[in-house]
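Below is one structure; the comments refer to it alone.
The values are calculated or read from the model by the stated rules, or taken from the named source; none is laboratory data. As the structure is a prediction and not an experimental result, all values here were calculated from the model. Virtual Cβ from ideal backbone geometry, glycine too; neighbours counted across all protein chains shown.
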Amino acid sequence: MADAGEFGLDILGRWTTSRLGWELGLKYVPVRQEASKPLSFGMFASFEGLTDFPSSSANRLTGNFQVMLSRLWFERWSTQMTVNYS
């Protein structure tokens, strides 16, 4: 996964051999938790495709969209709520 640093943008490119699938995605975090902001807010969207298309699959192409809300409470303790639509 590539990271665009200060912009809060991550780019995802993935290939798997389990079902010969690929995925392209973007994650954008416009609001990061800081002293003046108690929560972080981000979005993730991806597009996935299967090149080995078994007859039991309903569709060769799929999409995924997530909205994430998170909070870092202590150095090693955080919580995250994610709403997903696929």
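Of all residues in segment 34-45, those that are of a type in the set (A, V, I, L, M, F, W, C) have Cβ atoms under 9 Å from Cβ atoms of residues that are part of a loop (DSSP other than H, G, I, E, B), 6 or more apart or on another chain, in LEU39/GLN33; PHE41/ARG32. Sub-9 Å Cβ pairs linking a first residue in segment 60-76 that is without any contact (Cβ under 8 Å) to a residue 60 or more places away in the chain to a second residue that is surrounded by 14 or more Cβ atoms within 10 Å (Cβ to Cβ) and of a type in the set (D, E, K, R), at least 6 apart or interchain, are LEU61/GLU48; THR62/GLU48; GLY63/GLU48; ASN64/GLU23; ASN64/GLU48; GLN66/LYS27; MET68/LYS27, ordered by first then second residue. When segment 7-55 is limited to residues that are surrounded by fewer than 15 Cβ atoms within 10 Å (Cβ to Cβ) and of a type in the set (Lys, Arg), the one that is nearest to the chain's Cα centre (by Cα) turns out to be ARG14. Of everything in segment 39-86 that's basic (Lys, Arg) and modelled with pLDDT under 90, which residue is nearest to LEU9 (Cα to Cα)? Result: ARG76. Whether any residue in segment 62-81 is among the hydroxyl-bearing types (Ser, Thr, Tyr), part of a strand (DSSP E or B) and either out of contact with any Gly (no Cβ under 9 Å at 6 or more places or on another chain) or loosely packed, with under 12 Cβ neighbours inside 10 Å (or both) is what I want to check. So far as segment 62-81 goes, yes, one or more of its residues are among the hydroxyl-bearing types (Ser, Thr, Tyr), part of a strand (DSSP E or B) and either out of contact with any Gly (no Cβ under 9 Å at 6 or more places or on another chain) or loosely packed, with under 12 Cβ neighbours inside 10 Å (or both).
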